[in-house]
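Working notes for the structure below.
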């Protein structure tokens, strides 16, 4: 039986889809780029990296067939695949945060995250977004409580999250696996629609990483600031 909070997440994702078809974007949308790997703009965010087996499954079942249709887009390598837990500062050059901000966030995360239990993301449902494509990550209410606690904490230390979200109360995550370099063709979009209800598997979130990186978490830009274990 589906968890009630998961049901709310799925309903909100459907609302997001409907709004996008109407040309309404309530959340932060980034522009198309030609070179994502060498993007100099850096963000501050917290993520859970995917287990290798799930990253490989995404690569085989989702990325590989899409790359055969339109190889020009940026497809994420295995070691860049992640679910975002809580954004802190959006990408910018120069960064929109200071070394002092990073120290304060690190201390805050050390205080808050270990008080929350481990939880799962069920990875299923592919969505085509205006400039990217992503696999949804649904969870129980632990995510909501964690995000709200981190959000309040970030405000209290003067480093509030600067991202706009579709909902201020229902949160889910996703694994972005593709960033577009141009508007995809109809064959590519049709393939994404066929993957709408795909089921990849379950990812257990036991550790959260605070990182700085560019838009696609490329290995040349990624720097791990801290690692925080959830309560088992």
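Any read-out appearing in this document is the output of simple, stated calculations on the displayed coordinates, not a laboratory observation. All values derive from a computational prediction rather than experimental measurement. No Cβ is skipped: glycine too gets one built from the backbone with ideal geometry, and neighbour counts run over all protein chains shown.
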Roughly how compact is the stretch 1-58, stated as its Cα Rg over 2.2 N^0.38 Å to two decimals?
1.58
Against the longest alpha carbon principal axis of the chain, how many degrees, from 0 to 90 and to the nearest 10, is the axis of helix 99-112 turned?
80
In terms of the alpha carbon gyration tensor, root eigenvalues a ≥ b ≥ c, rounded if a/c is under 1.5 and otherwise prolate when a/b exceeds b/c or oblate, the stretch 12-93 is rounded
In deg cm²/dmol, rounded to 500, what helix-only [θ] at 222 nm does the chain give when every DSSP H run of at least 4 residues adds -39500 (n - 2.57) and the total is split over its residues?
-9500 deg cm²/dmol
Give me the mean projected area, in nm² to one decimal, of the convex hull enclosing the Cα positions of the stretch 55-109.
5.6
Need one word for the stretch 1-143: rounded, prolate or oblate. Basis is the Cα gyration tensor (sqrt eigenvalues a ≥ b ≥ c); a/c below 1.5 gives rounded, then a/b vs b/c decides.
rounded
Provide, in order from the shortest bin, the percent of all Cα-Cα pairs of the stretch 83-167 in each 5 Å bin, continuing until the bin that contains the maximum pair distance.
3, 11, 20, 22, 19, 15, 9, 1
Can you list the residues of the stretch 166-203 with backbone N under 18 Å from a point 7 Å past the Cα of residue 56, pointing along Cα to Cβ?
200-203
With just the Cα atoms of the stretch 185-232, tell me how far they stretch along each of the three principal axes, in Å, largest first.
42, 31, 10
Whole-number Å³ per residue for the convex hull built on Cα positions in the stretch 80-232
122
Largest-first ellipsoid semi-axes for the stretch 142-232, taking √(5λ) over the Cα gyration tensor eigenvalues, angstrom
29, 18, 16
